[in-house]
Amino acid sequence: MGPDGAPGPAVPWRKVLWERQPFPDNYVDQRFLEELRRNEGIRQYRYWAVVKEAGFVGQQLSCVAIFITLWLYMEQGLLLPETLLWSSLICALLGYGLHQALTSRVESCGEPRTHLADLQSAAIFLSFTFGFSPVLKTLTESVSTDTVYAMSALMLLAHLVSFPYAQPSPPGSLSLNAALFASVCLASRLPGALHTFAMLSCALLVFALWPCLLQTLRENAPGHFTVVCMGVCIGGIVGLGSQTLGGAVLLTLALASVTLLCPFLLVRLQRHKDNIHGPWDEAEIREDLSRFLH
């Protein structure tokens, strides 16, 4: 309206704040929803591809089950510490050779780590672990067995939750420390210091070195990676089933949920995803401002 009350010319609305306009502050015109964008940049997942990636979670759960099975065998006197040590040594040598064969072409472009450095690292760890085994054996003598088992279960759960499944090489410090703490707690309940040393050496092999080898397999031999994950899962079920049938059933249900049901729900629910973007989003500075940092 003009100053004399007569209708004035139509004033187009502009999306600016610095200019006074004859519109309410919350006014928008019919062009407001023209810039609406739905599901921008949404990644489409395929079921079997998600199942393959979920296999890493399943095999890590099975690794925990295998470690617990080995501890149960040693506690019951069905597995000698010498047998476990020699088996761990053979598996470590085979895994080291496979890792070197898979990464030889990648490391040829950069500075490779020498075999002597790897041998020194292994010798230092084994020496310290063997020397402190009597101390670790008596570390939890004043703690009740129920408390030790509860702490071990909590730490193994923390290991599974905090494990960096996307890039597990090297394993995350929180997940690795949680697993080693649980290993120390469980190993302190074994009969002798040699049992403790064997159990901690096996824990290093399962929780520290194995994820690095598996990540190398995933990057360089994806076909073999799937087969290995399936083998570890079957080994975890069979091993736990040899001790407790109920535990094997629970592990089977957990693996089926993680590797089959959860990927199905992810793919199924993806069609209901509805993200909207438009002029109401926060402003993004797309200009390169690095020149102002010098």
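Odds and ends about this structure:
- Unique residue being farther than 30 Å from residue 51 by Cα, at pLDDT below 90 and among the β-branched types (Val, Ile, Thr) when the list is 184, 135: 135
- Annotation note: Cβ proximity below 9 Å between a residue of the stretch 17-35 that is closer than 18 Å to residue 278 by Cα and a residue that is not in a loop (DSSP other than H, G, I, E, B) (sequence gap 6+ or interchain) occurs for 35/277.
- Some residue of the stretch 111-133 being over 17 Å from residue 72 (Cβ atoms) and surrounded by 20 or more Cβ atoms within 10 Å (Cβ to Cβ): yes
- Residue within the stretch 191-200 that is at pLDDT below 90, farther than 25 Å from residue 94 by Cβ and not aliphatic (A, V, I, L, M) present: yes
- Yes/no for residue 196 being open to solvent by less than 20 Å² (accessible area, probe 1.4 Å), touching a Lys or Arg at 6+ places or on another chain (Cβ under 6 Å), touching a residue at least 40 places away in the same chain (Cβ under 8 Å) and in a helix (DSSP H, G or I): yes
- Within the option set 37, 46, 14, being basic (Lys, Arg), more than 30 Å from residue 267 (Cα to Cα) and open to solvent by 60 Å² or more (accessible area, probe 1.4 Å) holds for one residue only, 14.
- Pairing residues of the stretch 117-131 that are closer than 15 Å to residue 209 by Cβ with residues that are surrounded by 11 or more Cβ atoms within 10 Å (Cβ to Cβ) and aromatic (Phe, Trp, Tyr), at Cβ distances under 7 Å and at least 6 apart in sequence or on separate chains, gives 129/197.
- Test: residue 201 is assigned to a helix (DSSP H, G or I) and crowded, with 16+ Cβ neighbours inside 10 Å: yes
- Looking across the stretch 18-34, the residues that are assigned to a helix (DSSP H, G or I) and open to solvent by 100 Å² or more (accessible area, probe 1.4 Å) come down to 33, 34.
- Among the residues of the stretch 84-98, those that are touching a helix residue (DSSP H, G or I) at 6+ places or on another chain (Cβ under 9 Å), over 13 Å from residue 122 (Cβ atoms) and either modelled with pLDDT under 90 or of a type in the set (Gly, Ala, Ser) (or both) comprise 87, 98.
- Any hit, the stretch 68-75, residues being within 24 Å of the chain's Cα centre (by Cα), surrounded by 20 or more Cβ atoms within 10 Å (Cβ to Cβ) and not aliphatic (A, V, I, L, M): yes
- Leading residue by the ranking (surrounded by the most Cβ atoms within 10 Å (Cβ to Cβ)) among those in the stretch 134-168 that are among the small types (Gly, Ala, Ser) and in a helix (DSSP H, G or I): 152
- Taken over the stretch 215-268, the criterion of being of a type outside the set (A, V, I, L, M), more than 24 Å from residue 47 (Cα to Cα), in a helix (DSSP H, G or I) and open to solvent by 60 Å² or more (accessible area, probe 1.4 Å) is satisfied by no residue.
- So residue 70, is it part of a helix (DSSP H, G or I) and at pLDDT 90 or above: yes
The values are calculated or read from the model by the stated rules, or taken from the named source; none is laboratory data. All figures in this text were calculated on a predicted structure; none of them were measured in a lab. A quick note on method: Cβ atoms are made from the backbone with ideal geometry, for glycine too, and the neighbour counts reach across all protein chains shown. In case anyone asks, the SASA skips ligands and DNA or RNA and just uses the protein heavy atoms, side chains included. Shrake-Rupley method; radii C 1.70, N 1.55, O 1.52, S 1.80 Å.
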